[in-house]
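The values are calculated or read from the model by the stated rules, or taken from the named source; none is laboratory data. Bear in mind the structure is a predicted one, so any value in this text is a computation, not a measurement. Glycine also receives a Cβ, built like all others from the backbone with ideal geometry; neighbour counts cover every protein chain displayed. Accessible surface is based on the protein model in full, side chains and every heavy atom, while ligands, DNA and RNA are left aside. Shrake-Rupley method; radii C 1.70, N 1.55, O 1.52, S 1.80 Å.
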Amino acid sequence: MLYRIGDISKLLGISLEGLRLYERQGVVHSQRDAKTGYRYYGHLDIPALIRSRSYRHMGFGLDETAELLNTDSLDLIVQRYGEREEALRREQLWLAAVTSYLRDLREVTARAEELLG
């Protein structure tokens, strides 16, 4: 069964332009009606779009998302997951450092009058 772009948009809560962007990036591949120009998506595009949104929430870019969805290499998938995991680990360390700095800054600022007399 094929689904029109508007139906997929409503079902998944993805804007029409978002769906077109996913298509341009190779995340999904629509079929076009030669007469009307309408885009139609197959039933396998629905889970691909759901997975792509999950990947985006994990911080993968659209190019990476398309690569993950279109590869048949488990080694590549494992590699990309590991790279993203490491990037998130580095981000956590940075956020912890910034949080600590802000806490110290807040405490010093709160005591500024007391410390300065």
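Worth a mention:
- Pairs where the first residue, in the stretch 20-44, is closer than 18 Å to residue 66 by Cβ and the second is in a loop (DSSP other than H, G, I, E, B), C-beta under 8 Å, 6+ apart: 22/14; 22/28; 23/29; 23/30; 39/30; 41/28; 41/30; 42/1
- Meeting the requirement of 3 or more residues that are surrounded by 14 or more Cβ atoms within 10 Å (Cβ to Cβ), modelled with pLDDT of 95 or more and of a type in the set (Gly, Ala, Ser), no helices (runs of 4 or more DSSP H) wholly within the stretch 41-117 can be named.
- As a summary of the residue check, residue 3 satisfies the conditions (1) open to solvent by 40 Å² or more (accessible area, probe 1.4 Å); (2) part of a loop (DSSP other than H, G, I, E, B); (3) touching a strand residue (DSSP E or B) at 6+ places or on another chain (Cβ under 7 Å) except for the one numbered (2).
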